[in-house]
Amino acid sequence: MLEEVANKGGIDMAVRFNEQVYLFEFKVVELIPAGSALAQLKARGYAEKYRALAQSIHLVGVEFSKETRTVAGGEVESS
């Protein structure tokens, strides 16, 4: 599901697959400091609405370079 509404904003992408939940946040790094994609997922508590499913939750922050238009970095945190 793309752009899923949460209580504190919108999740860029949420995927439920194989009894696991993957939550994605995408950012352009020249405009926002590196590491901010994952930080936003955590700060806004996007995973909370999925905790009742008792499935593994993976927060995935992906950062793109505005200049090169490629993936510049990424971070994953699982619980």
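Just so you know, all these numbers are worked out from the coordinates, no wet-lab data involved. Computed from a predicted structure; not experimentally measured. Every residue, glycine among them, receives a Cβ derived from its backbone with ideal geometry; neighbour counts consider all protein chains shown.
Peptides 39-45, 63-69 ranked from most to least packed, by the mean per-residue count of other Cβ atoms within 10 Å: 39-45, 63-69. By the gyration tensor of its Cα atoms, with a ≥ b ≥ c the square roots of the eigenvalues, what is the shape of the range 11-79: rounded for a/c under 1.5, prolate for a/b over b/c, or oblate? Verdict is prolate for the range 11-79.
Note: relative contact order over the range 31-74, using C-alpha pairs below 8 Å and six or more positions apart, is 37 percent. With contacts taken as Cα pairs under 8 Å and at least 6 residues apart, the range 2-78 reaches a relative contact order of 29 percent. Computed extension gain for K49 through S78, at 0.36 nm per residue and net of the alpha carbon distance, reaches 8.9 nm. In this simple spin-label model, placing a label point 7 Å from the Cα along the Cα-to-Cβ direction at both F26 and M13 gives a separation of 0.6 nm.
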